[in-house]
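The structure appears below as C-alpha cells.
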Amino acid sequence: MTVDRDTRAVLAQNYHPLDVVLVEGEGSWVTDVQGRRYLDFLAGYSALNFGHRHPALVEAATRQLGRITLTSRAFDHDQLAPFALGVTRLTGTDMLLPMNTGAEAVETAIKAARKWGYEVKGVPAEQATIIVAEGAFHGRTTTIVSMSTDPEARDGFGPFTPGFRIVPYGDADAVAAAIDATTVAMLVEPVQGESGVLIPPADYLTRLRALCTDADVLLVLDEVQSGLGRTGTTLAQELSGVQGDLTTLGKALGGGILPVSAVVGRRDVLGVFTPGTHGSTFGGNPLACAVGLAVVDLLEPGTLQERARTLGVVMTAHLDALVAEGLLSSVRTTGLWAGLDVAVPGLSGRGLCEQLAARGVLAKDTHGDTIRLAPPLTISEEDLTLGLDVLGDVLRKAAR
Ligand code: PMP
C-alpha cells in the first residue's frame, strides 16, 4: 500500500517528502512503486554511504538474524566486543558507548561532558555550560533543540534545557571569548551538514583543539553525518589533524540497514559512566553490532575513503562548471559531499529537487536555494556523471 490521501490522514505531517514512493533499492539506485528508477544522490543523509543493501552488510545482518538479535545489556553477547574493538580501532579512540540514533549519541556525549565536568574538573553541580555553534544540527530531542538556532526546530517546544552558550560557526575567537570556569565542552560539527555543507575556515578545528586543551575543556565532535568516509577520510576531523575528546557516530554506522550510533573517545571521560548511570534497551544489540562490525570491515582498508576523494574531484569539477555558467551561486564540497546554492531566478532548492526527481535523480533541499548532494561512496563514476549531467540539464532548462 502506498502513501495516498487516506494513509496521509494517519501519518503525522512532520515531513514534506518529494512525491516519490520507493519500494526497492540496490547500490546507488532505487525504484518506485510505478517501476521508475532513480539515482539516489541523498543516500539517507549519508546513512547509505555503502549504497542500498550492500551485499556484505545484508550478509552480516542475515547471518546474525539466524543467531540472536537482542539480549539487552543485561547480558553480553559475542558481537559486542568485536564491534567495540573494531570501531575504536578504526577511529583511533580508547572506548565506545553504543546507542541507536544520532540524537541519542549526542545526548550521551552531553551527559558524559557534564558528569566529567562535575566529577573530574570540579565544576559545581548544575553549573556546567557547553559551547555550541549557530546553525548546528545535532538532533531533535528536547535538550538538543534547546541549543538549536532554527526557529522551526524550537518554537513551541519549550521549556528548554539550560547550560548552552551559542557562538557563530567557524569563529574560533568567539569560542575563546565564551570559555569560562563553568565551560565543560565545545560541541561542534567539523562540517555543518544540515546547514548546507558549511565548511569552516581551515584552522578552525586546530584552534578549537588548542583552546579546549589549554582550558581543560572537552572538544566534542559530532560526526554523525560527516563521519565514516563521506569527507574522503574515515572522520572529517582527520582533515584538520585533530582528535575530539569525544566523537559521535551514527547514520552510516548502521550501513542504512538499521539504526546504530555510538560515542567514542577518551577513557577518562567515557569512564564517568558506571552501571546504572546511562543505558538503552537496544543500544549495542547483537544485530546492530554485527552490521556495525561489517561497516568497520568495509571502511578499514581505506579504499572507500579514497573513492570519496577521487569521485569528489569529479563532482567538484562538474559543480564548478555550473558556477562558471552562472547557474549556481556557490558550491562547497569536501570528499563526496556538496552543498550548492541555486542561482536560477524563480527556481528554489525545493523546485530543483522536484525537477531532478522527475528526471530520475533524488536529492534534498536544505533551506531556501540550498541543496545537498551525498551520493553513496560506492557509486560508479558513470552513474555519478549521469546524475550531475541531469543536474546541469535541469538548471539550464530552468534558466532559459
Ligand atoms: N548530528 C548530526 C550532525 C546530524 O546530521 C544528525 C541527523 N541529520 C543527527 C545528529 C541526528 O541523528 P538522528 O536523526 O539519527 O537522531
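The values are calculated or read from the model by the stated rules, or taken from the named source; none is laboratory data. The structure displayed is predicted, hence computed values, not measured ones. Positions of Cβ are backbone-derived with ideal geometry, glycine not excepted, and every protein chain shown enters the neighbour counts.
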### Residue match in segment 248-269 (condition: on the phi > 0 side of the Ramachandran plot and more than 13 Å from the ligand (Cβ to nearest atom))
yes
Exercise for review: Confirm whether L198 is within 16 Å of the ligand (Cβ to nearest atom) and under 27 Å from V120 (Cα atoms).
Suggested key: no
(Q) Take the conditions outside the structural domain of G335 (by TED's automatic domain parsing), more than 16 Å from the ligand (Cβ to nearest atom), β-branched (V, I, T) and in contact (Cβ under 8 Å) with a residue 60 or more places away in the chain and apply them to V191. Does it pass? (A) no
If we keep only residues of segment 324-377 that are hydroxyl-bearing (S, T, Y) and modelled with pLDDT of 95 or more, then the residue farthest from F137 (Cα to Cα) is S329
Within segment 126-139, restricting to residues that are assigned to a loop (DSSP other than H, G, I, E, B) and in contact with a helix residue (DSSP H, G or I) (Cβ under 6 Å, 6 or more places away or on another chain), the one that is farthest from the ligand (Cβ to nearest atom) is A128
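Here's the yes/no breakdown for (1) crowded, with 21+ Cβ neighbours inside 10 Å; (2) under 20 Å from Y118 (Cβ atoms); (3) more than 12 Å from the chain's Cα centre (by Cα):
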{"position": "D180", "(1), (2), (3)": "no, yes, yes"}
{"position": "D203", "(1), (2), (3)": "no, no, yes"}
{"position": "A236", "(1), (2), (3)": "yes, no, no"}
{"position": "A252", "(1), (2), (3)": "yes, no, no"}
{"position": "P259", "(1), (2), (3)": "no, no, yes"}
Scanning segment 18-34 for residues that are acidic (D, E) and more than 22 Å from G255 (Cβ to Cβ), the one surrounded by the fewest Cβ atoms within 10 Å (Cβ to Cβ) turns out to be D19
Within segment 308-345, of all residues that are of a type in the set (D, E, K, R) and farther than 19 Å from P200 by Cβ, the one nearest to the chain's Cα centre (by Cα) is R309
Counting only helices (runs of 4 or more DSSP H) wholly inside segment 236-350, the ones holding at least 2 residues that are in contact with a His (Cβ under 9 Å, 6 or more places away or on another chain) are 286-299
Right, L208: more than 18 Å from the chain's Cα centre (by Cα), assigned by TED's automatic domain parsing to the domain that holds K111 and buried (at least 24 other Cβ atoms within 10 Å of the Cβ) or not?
yes
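This table checks each residue for (1) crowded, with 17+ Cβ neighbours inside 10 Å; (2) within 26 Å of R307 (Cβ to Cβ); (3) under 22 Å from the mean Cα position of the chain (by Cα).
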{"residue": "S348", "(1), (2), (3)": "no, no, no"}
{"residue": "Q355", "(1), (2), (3)": "yes, no, no"}
{"residue": "L362", "(1), (2), (3)": "yes, yes, yes"}
{"residue": "A374", "(1), (2), (3)": "yes, yes, yes"}
{"residue": "T378", "(1), (2), (3)": "yes, yes, yes"}
{"residue": "E381", "(1), (2), (3)": "no, yes, no"}
{"residue": "L388", "(1), (2), (3)": "yes, yes, no"}
{"residue": "A398", "(1), (2), (3)": "no, no, no"}
I'd like to know if segment 88-103 contains one or more residues that are within 16 Å of the ligand (Cβ to nearest atom) and in contact with a Lys or Arg (Cβ under 7 Å, 6 or more places away or on another chain).
yes
The condition from (1) touching a Phe, Trp or Tyr at 6+ places or on another chain (Cβ under 9 Å); (2) of a type in the set (D, E); (3) within 16 Å of the ligand (Cβ to nearest atom) that D171 misses is numbered (3)
Q. What do you reckon, is A105 part of a helix (DSSP H, G or I), within 24 Å of the chain's Cα centre (by Cα) and either of a type in the set (D, E) or buried (at least 21 other Cβ atoms within 10 Å of the Cβ) (or both)?
A. yes
By residue number, the members of segment 56-84 that are assigned to a loop (DSSP other than H, G, I, E, B) and either aromatic (F, W, Y) or surrounded by 14 or more Cβ atoms within 10 Å (Cβ to Cβ) (or both) are I68, T69, T71, R73, F75, H77, Q79
